[in-house]
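All remarks here apply to the structure that follows.
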Amino acid sequence: MSKSGGVRKYYASTVTEGETSIDDLVKEIEKFSALSEPDIRGVIIALENVIQTKLSESRIVRLDRLGTFYPTLSSEGKDEAKQVTTSSIKKAGINYRPGERIIAALKAVGFSKIE
């Protein structure tokens, strides 16, 4: 029993193993490409900028097998359509839907228990 009187339950969760930076990505991409480090870095930064712009234009950004980014909104519900205004918006956000290759990679991951 937990302190609140309910039955304690345990759940599986992810444990991350650090971070990968743009510098790390650039070094990895260099191994598979004839592009130089500055070229790769430039493409990554340009991609980031273009994605930001397209999302701010309410566009869906589909990166084939990598996945899809799309803008979202959370708003207050109103009784009539004419009552919905920009002040009804509580939060704007971005969602990501992984592509088939990302989903397949996650399905292939091995799991282990960490005490």
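Being closer than 30 Å to Y11 by Cβ and either surrounded by fewer than 10 Cβ atoms within 10 Å (Cβ to Cβ) or free of Cβ contacts under 8 Å to residues at least 40 places away in the same chain (or both), is that true of even one residue in segment 33-42? Before the answer, list the steps.
Quick first cut of segment 33-42, residues closer than 30 Å to Y11 by Cβ only: none.
No - not one qualifying residue is present in segment 33-42.
Pick out the one residue from L66, L55, L47 that is touching a Pro at 6+ places or on another chain (Cβ under 9 Å) and in the same structural domain as K27 (by TED's automatic domain parsing).
Numbers: L66 fails: in the same structural domain as K27 (by TED's automatic domain parsing); L47 fails: touching a Pro at 6+ places or on another chain (Cβ under 9 Å).
Only one candidate passes the filter, namely L55.
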Across segment 64-89, what is the number of residues that are surrounded by 13 or more Cβ atoms within 10 Å (Cβ to Cβ) and either in contact (Cβ under 8 Å) with a residue 40 or more places away in the chain or of a type in the set (A, V, I, L, M, F, W, C) (or both)?
3
Can you confirm whether T20 is under 30 Å from G110 (Cα atoms), modelled with pLDDT of 90 or more and surrounded by 13 or more Cβ atoms within 10 Å (Cβ to Cβ)?
no
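The values are calculated or read from the model by the stated rules, or taken from the named source; none is laboratory data. Here the structure is a predicted model, which means the values were calculated and not measured. Note: ideal-geometry Cβ built from the backbone for every residue, glycine included; neighbour counts use all protein chains shown.
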